[in-house]
Structures are given as C-alpha cells and as structure tokens.
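**Q** Sharing a structure with you now.
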Amino acid sequence: MKNKWFLSLMVISLVVFLAGCGSKSSESSGESSVLNGGAGESATELSYWTFVELHGQHFEKMLEKWNAANPDRQIKLNVTVMPYDDMHNKLSIAVQTGVGAPDISDIELGKFPDFLAGTPQLEPLNDVAEPFKDTVVQSQLDLYSKEGNIYGLSTHVGATVAFYNTEILEEAGVDYKSIVTWEDFKQAGIKVYEKTGKYMGTADTSASWQASLLLAQQESDFTDADGKPQVNTPEMARAMTMLKDLQDNNVIATIAGGQPDTEEAYGEFNSGNYVTAFMPLWQMSRYTNYMKDLSGKIAIAPLPVLEKGMHRSYGGGGTGTVVTKTAKDVQLAKDFIAYAKLSLDANIEIWNTLGFDPINMSVWDMKEVTHNPDNQFVKYFVNNPFDVLNEIKEEINLIRSTSASPTINNVLCTVTFNEIFEDGKDVQQALDDAQAQIEQELK
Amino acid sequence: MIKKVLYSQKVAPYVFVLPFVLVFVIFWVYPLLSSFGMSFQKVTLGQEAQWIGADNYTKLMGDTIFFKAVRNSAAYMILTLAILIPFPMLFAVLLNNKAVWGREFFKSSFFFPALTSVVVAGTIFRLMFGEMEGSLINSVLGLFGIEPVKFLKGQVTGYIALVALASWRWMGVNMLYFMSGLKNIPDDYYEAASIDGASAFQRFTKITIPLLKPTTIYVLTISIYAGLAMFIESMMLWNGNNSPKNIGLTIVGYLYRQGIEKNNLGYAAAVGIVLLLITMIINLTQLAISGMFKKED
C-alpha cells in the first residue's frame, strides 16, 4: 500500500515537472513564440530573432496584414527574443558558420559594422527598398549600407530629445520650457538639487548617448571623414568637461545600471530620483512599459545646446532588420520585411505599437495618427511627441557607424566614462588614453 | 581472423585504450593543433583565412587589456586558493569529528550551492551586491550607518563579490574532496598519537595535513585551472562581458570578446594558446615542487 502511494507521488511529481518544462520556452537563453497572423496550412514558417521584445509586437500586426493581402504567400513567424549580447553573438557565429541562422533578424546599429566586415553574409535589400526610396529618410537607409548595397532596414529615426519629470520640476519651481542651453540646464539643476535633493540628470557610464549628442551638436563625430577613430578631439573634451562640471555641481549623477535604458535605471526614474533622461525617442516605449508610475508627468522637449543656434537633436541608436544568406525563402523574407518596415502602413504601426519616430516622415504630419487621443503614448506624455519632433525636424544630425564604432563604443563605455565620472580622472588624459587604446585594438 | 586479433594478448590492451585515445585525439589534440594554427591567421567573416605569421602574438604582447585580464585571472586564482583550500579542509576535519552536532545537515547545506546553476547564483549575487540603497548588502551596511557602496564598480569591492560567489559555490565541493581524503587515514594513527600524548593540534599538523597531501595537491591543481579558466561567474555578476574598467574581465572573457563578440578568431586563438601555456607552466611547476613527479617508493 505504502509503495503504491509512493509510486503515485512519483508519477505526479514527474508529470508536474514535465508540464513545468513544457510551458516554458524551449530554449534556455531566449523566449520563442510562433506568430500565426491568420496564416493557413500552406504558409511558410520563417524564423526571426530580436533583442527587443516590443519589435515582435509590431511584426505580429504587420504579419496579419501581410497574410490577408498575400493569400498565396502567407507566412508564419517564429519569433525568438534573446538578450542583446547573446543574440548578436549567436547570430554572428551562425552567419559565420552558415549553420543555424534565422531567416530574418534584427541587428543593432552599434553591432552592424561587425556584420558588414569582410563579405557580408546578409542579403542585399536594394530591390525591395527601391520602391520606398522617395518616401523614407535616405540617411536611414545609408546607415545600414555598404558599397551601394542596403543590408538592413531601419526602424526609426531615433531623434534624441529630453524627457523631463515635470512633477519634480514644479516642486523646485523650474519650467523646463525655459531650458535652452546647457548653462540653463545647469542653473535649473542646481535649483532642483537645493530644493528637492534630487538630481536633474544622469552621468552615463555605460552608454554613449550623451557624448554622441554633444558631438553632433558641434558637427563632430567619433570618427573622421575616413572612418578613423578620433575620441580625444577638442569637441569631445568640451563635451565631457561640460558634463563633468554638471556632475561636480550635483546637477547630474551616475545612475545604477550606468544609463537610462537599463532595468535598474527604470527603477530610479520611477522612484523620481532623477528628473531628466536625454534619450532617442524610442525611450518613450520604456516609459509606457516599465515606468508606469510616471504617467502624466513626463514632458518631451528639444535638447539643450552648448550655444544657441546649434542643432537640437541627433538620430540615436537604431535597429536594422536583415535577411540572412541562409534564409529558407530569401525573396519572401525580403518582401515581407520591406512591407513590415518601409510601407506607409508599417510606419504608422511603428508609431502606434512601438512609439518610435517613423522613417517615413510623411507620417509625422498625419495629425489623425500622431495626435490620436487613444494612442498610449499620446495619453502617457504631458505634451505630444510630434509637436516637438516637427519643431526639430531639420536639426537631426547623425553620428556615423563605421567598422571602428564597435571598438570605440566598447572602450568608451567600459573604461573611459567610468574613469571620468566614477574616478574623477582628468578628462583630456582619459580621452587620450581611450584614443591610444582604440588605436591599439584596431591595429 | 578477427577472433585471433581480439584474443591476442598483444592487441587487446590497445583495443581497450583506443576509446580514450580517440576521445583525446578528437576532442583535445585536434582542436589544440587547429587553434594553434589559427593563432597565426587572420580569420574574417565569410572570407578565406589569411596567414599573418606571429602578428597576433606581437599584438598580444602590447595589449594592455589582455594583461589586465591576465592580472584579474591570476588575482582571482590566488584569492580562491587562499580561501578554498584551508577553509574546506578545516570544515572537513570538523565535520569528520563525530562529536560535532548536525553533521549531515551541514554537509548537505555546504554542498547545496554547487548544485545551483551558476547563472542563477551570479544573478542573485549581482542583485545582492547592487549599488542601490535597497540592495541586500547595502541595506545591511546601512544598519551600521555605512553609506551605500558601488560594489560592482570598484576593483577591490568587485572582487569581494566575485570571491564571495566562488567561495559560496565551491566550498562544499572542496570539502567533499577533503572528507574523502580523511576517510583514507586510519583511526589507529590518531589513537596511537593520543596514547603518546599528542594534542589535537599536533595530531592535525603531524597526521592529518601530511596524509591529506595527495588530496590537497589534487584540489590545488584543479583550483589553479578553475581559477584561470573562470568566465561565467564574472559574466553573470557583471551582467555581460563588459564590466566597468574591465575589472571583471578574465582571460577566457577576453578570448570570448575577441573571438565571438569581435569575430577576431585568430587573435582569440592566440589568447587561448597563451592561457594554455600559463596554466601548464603554473601547474607543472606546482606538481614538480610538491614532488608528484618523483617515483613512489
């Protein structure tokens, strides 16, 4: 009798254990799900890797539309979401060895040059991008190109703006609309710290958004015209010295996680410990998804500038969607991603679902889309993002992405910014060391 | 004919040894030779590898980040040796003593961390040693009026977290080795020593430590290797391979960064070969000094 009980218990625990395994994702390092999108039996199943969970939601919408419009070329999409580094590393090994790569994948702008090195193992997308050339921002297609071939389709412009927590600013008696220059920002920050003990902004140690935007304002870059690294330029020194001065005056401070787009930082912002994030527009989706407490409190504004008249934004970050050479049905994959990323419909959905600034700029003027009162982003923010975007439309500079960029980014974000903001190392010295290190690594 | 070969006394030993030799050649010698060859090449995505002579090694010798990784790995190895050999030995001796209360409970609770996935353990330690006021260690420090510490941003504090993680995970395993070593020491020795009036400390230093030498050398050898080859602990603790100022970068982490993250497989192969040389030199020296190569009497 005892044995019987024991046996039943074993069987039950085994079933529970196996059921537990089954309900979770099959892959240990990523979560997979198959998007059906109303596809029939004969649909082709394509696999898609991404590091941004939200991108899958956009593809889900576009898939439904595609399947309805193309009954003879229907697709089922097998989406796998993996952490940023894991996904890029796995993809790199897969395309290099020619085994195990997905049909479609996202590649982040900073990593893109690695995939363009040598002979790209990605399919050129010129033919499918051609029909949309006149409607989308050309520079966004150039970002993911090599020798005249387009290899990735961009998701957004990534216009960088300032996100201000108006609740804290009101408490301190500061009006964010009056902040035009960094000097104004500093004075506001000093006031905020005195009145509330909170920091006006972050000193980023693990991302280069701030350095990039300050370089872009000065029409400078991390690389020269030939794509050679230059991180110890007077412009870069001016940028970092200015930020260091802000830190010394308790206007900005380093944040857990190292930059606004991390889990720890979402927590800090949510608790109202920092007022401002200077981030590309896609940070909006982080607010609506991960910082719900701040709903109705965040205002969007153009970036402060070093001197009046400088450009007040730059296009930051980005994701190129690619088709790998080993894709099951190359043409189908190409047609689908062009449809899902470049068509007018896609651009409208990119705003609706993801809250990104679409690369088809005609969407920026569609009031019924951008000011739709039911839109979650319109509801969340104090002011309408597109009112700001249209104001700075002509002022969005770009930072180049070259083969040296991944190395530059790695050195700055692991070593240099930490030395400057955590250890207080002399700015010029830190930048000179970074330049030497980058040159050594690129040798 | 086959029967004749199989039953032959001369051939049989080779047949029995063959599986090991095959595994050794396929999974050790071949990859080793192939990465040795690759360390003299430039391997780029989708292109034929190019022969570049000793360029990778010349570059490696001037690479400050590589030396930082070597220093980090060496420091980690030494710290883990300093903690993970004497303490497990002491605990093993204590738990071997029949007078100690709750021996089985302590044995299993010490061993339990080794069963935990390093990914889970690393993540938990990362949260524990987080820089926010509310993270576990900082909130404990807060009770004593100590300001929050950015543990994972400083070399020393980062290593406190890293070595704490290693100690927590491996204490039980090493203890188990020492306990099995202790089982091989006959009780008669201790009895005889007691009769001769030896104190507990004398018994420990004159009997236990010398007779545990083979176990100690084994634990030392695998700990040297494990220390130098550590990678995942650091990767999990710093949530990736890029720790601030590379304080958590290890040799294998650097190999991974060059080979996988930067697609520079030739250079990564050179890093691997240097790691192999360092490990071999340290371990062979250690084994020679401890007399393991001497013929037993």
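No value in this document is a laboratory result; all are computed from the given coordinates. All values derive from a computational prediction rather than experimental measurement. As a convention, Cβ positions derive from the backbone with ideal geometry for all residues, glycine included, and neighbour counts pool all protein chains shown.
**Q** Relative contact order for chain B: what percent, with Cα pairs under 8 Å and sequence separation of 6 or more?
**A** Over chain B, the number comes to 28 percent.
**Q** Additional query: Taking GluC sites (Glu not before Pro) as exposed when DSSP calls them loop (any state but H, G, I, E, B) and at most 11 other Cβ atoms lie within 10 Å, what is the longest stretch of chain B free of them, the sites themselves excluded?
**A** B:49-295
**Q** Further, regarding this structure: Assuming a ≥ b ≥ c are the square roots of the Cα gyration tensor eigenvalues, decide whether the stretch A:329-424 counts as rounded (a/c under 1.5), prolate (otherwise, with a/b larger than b/c) or oblate.
**A** oblate
**Q** May I ask what percent, to the nearest 5, of DSSP beta bridges between residues of the protein assembly as shown are antiparallel?
**A** Once the DSSP bridges in the protein assembly as shown are tallied, antiparallel ones form about 65 percent.
**Q** Lys/Arg Cβ at +1, Asp/Glu Cβ at -1, dipole of the stretch B:55-197 taken about the Cα centre: which of B:132, B:89, B:72 is farthest positive-ward?
**A** My answer, from the dipole projection, is B:132.
**Q** Kindly flag which residue pairs out of B:3/B:294; A:111/A:195; A:341/A:367 have an alpha-carbon separation exceeding 32 Å in this structure.
**A** B:3/B:294; A:111/A:195
**Q** Assuming R0 = 35 Å, what is the FRET efficiency of residue B:146 and residue A:190, from their Cβ-Cβ distance, to the nearest 0.05?
**A** 0.80
**Q** Something else: May I ask you to derive the relative contact order of the stretch B:62-153, considering only C-alpha pairs under 8 Å and at least 6 residues apart, and to give it as an integer percent?
**A** The normalised contact order for the stretch B:62-153 reaches 13 percent.
**Q** Report the charge-dipole magnitude of the stretch B:166-221 in Debye, nearest 20, computed about the Cα centre from +1 at each Lys and Arg Cβ and -1 at each Asp and Glu Cβ.
**A** 300 debye
**Q** Moving on to the next point. Within straight cross-link reach of residue A:425, meaning Cα distance under 16 Å, which lysines are found once same-chain residues fewer than 8 apart are removed?
**A** Reachable lysines: A:244, B:153, B:245.
**Q** Of A:318, B:56, A:436, which is farthest towards the positive pole of the protein assembly as shown's charge dipole, taken about the Cα centre with +1 and -1 on the beta-carbons of Lys, Arg and Asp, Glu respectively?
**A** Projecting each Cα onto the dipole axis, the largest value belongs to B:56.
**Q** Treating the beta-carbon of each Lys and Arg as +1 and of each Asp and Glu as -1, no other charges, what is the dipole magnitude of the protein assembly as shown about its Cα centre, to the nearest 20 debye?
**A** Using Cβ point charges on Lys, Arg, Asp and Glu, the protein assembly as shown gives about 3520 debye.
**Q** Please compute, for peptide A:412-418, the average count of beta-carbon atoms on other protein chains lying within 10 Å of each residue's beta-carbon.
**A** The mean count of partner-chain Cβ atoms within 10 Å per residue comes to 4.
**Q** Alpha carbon centre of the stretch A:386-404 versus the stretch A:346-378: separation in Å?
**A** For the stretch A:386-404 versus the stretch A:346-378, the Cα centre distance is 17 Å.
**Q** Could you order peptides A:103-113, A:375-385 by the average number of other Cβ atoms within 10 Å of their residues, highest first?
**A** A:103-113, A:375-385
**Q** Here's another thing I want to ask about it. Counting other C-beta atoms within 10 Å, and keeping those with at most 10, which DSSP coil trypsin sites (Lys or Arg not before Pro) do you find in the stretch B:55-111?
**A** Counting only loop positions with at most 10 other Cβ atoms within 10 Å, the trypsin sites (Lys or Arg not before Pro) in the stretch B:55-111 are B:98.
**Q** Further question on the same structure: To the nearest 20 debye, what charge dipole does chain A have about its Cα centre, counting +1 at the Cβ of each Lys and Arg and -1 at the Cβ of each Asp and Glu?
**A** 1140 debye
**Q** How many partner chain Cβ atoms sit within 10 Å of a residue's Cβ in peptide B:237-246, on average, as a whole number?
**A** Taking all residues of B:237-246 together, the mean is 5.
**Q** In addition: What's the average, rounded to a whole number, of partner chain beta-carbon atoms within 10 Å of each residue's beta-carbon in B:259-266?
**A** If you average over the peptide's residues, the count of other-chain Cβ atoms is 5.
**Q** Please report the relative contact order for the stretch B:236-292, taking Cα pairs under 8 Å with a sequence separation of at least 6, and give it as a percent rounded to a whole number.
**A** 20 percent
**Q** Between residue A:177 and residue A:306, what length in nm is gained on full extension when 0.36 nm per residue of separation is reduced by their alpha carbon distance?
**A** Once the chain is fully extended between residue A:177 and residue A:306, it gains 44.8 nm.
**Q** Right, another one. Simple spin-label model, 7 Å along Cα-to-Cβ: residue A:428 to residue A:384 in nm?
**A** Between residue A:428 and residue A:384, the simple spin-label model gives 4.9 nm.
**Q** Still on this structure, please answer the following. Quick one: check the C-alpha center-to-center distance for the stretch B:1-59 versus the stretch A:187-215, whole angstrom.
**A** After rounding, the separation between the Cα centres reads 56 Å.
**Q** Quick one: angle between helix A:182-196 and the longest Cα principal axis of chain A, in degrees between 0 and 90, rounded to 10, please.
**A** Roughly 80 degrees between the two axes.
**Q** Compute the distance from the alpha-carbon center of the stretch B:232-274 to that of the stretch B:166-181, in whole Å.
**A** The stretch B:232-274 and the stretch B:166-181 have Cα centres spaced 27 Å from each other.
**Q** Could you point to the residue in A:35, A:96, A:229 farthest towards the positive end of chain A's charge dipole, with +1 and -1 charges on the Cβ of Lys/Arg and Asp/Glu respectively?
**A** The residue sitting farthest along the positive end of the dipole is A:35.
**Q** While we're here: If I model a spin label as a point 7 Å beyond the Cα along the Cα-Cβ vector, how far apart are those points for residue B:18 and residue B:103 in nm?
**A** Between residue B:18 and residue B:103, the label points sit 4.7 nm apart.
**Q** Looking at the stretch B:41-150, which chymotrypsin sites (Phe, Trp or Tyr not before Pro) are in a loop (DSSP not H, G, I, E or B) and have at most 12 other Cβ atoms within 10 Å?
**A** Hits after loop and neighbour filter: B:101, B:144.
**Q** At a Cα cut-off below 18 Å, give the aspartates and glutamates reachable from residue A:65, other chains included and same-chain residues fewer than 8 away excluded.
**A** Correct list for residue A:65: A:41, A:45, A:335, A:345, A:349.
**Q** If one takes the longest principal axis of the Cα atoms in chain A, at what angle in degrees, from 0 to 90 and to the nearest 10, does the Cα axis of helix A:234-248 lie?
**A** Compared with the principal axis, the helix lies near 80 degrees.
**Q** Decide, for the protein assembly as shown, between rounded, prolate and oblate: order the square roots of the alpha carbon gyration tensor eigenvalues as a ≥ b ≥ c, take rounded if a/c falls under 1.5, and otherwise choose prolate if a/b is larger than b/c, else oblate.
**A** prolate
**Q** With a ≥ b ≥ c taken as the square roots of the eigenvalues of the C-alpha gyration tensor of chain B, please select rounded if a/c is under 1.5 and otherwise prolate if a/b is larger than b/c or oblate if it is not?
**A** Taking the square roots of the gyration eigenvalues as a ≥ b ≥ c, chain B is oblate.
**Q** Would you list which lysines come within 19 Å of residue B:183, measuring only between C-alpha atoms, while excluding same-chain residues fewer than 8 positions from it?
**A** B:98, B:107, B:206, B:213
**Q** Right, next: With the crude spin-label approximation of a point 7 Å out along Cα→Cβ, what separation in nm comes out for residue A:64 versus residue B:11?
**A** 7.1 nm
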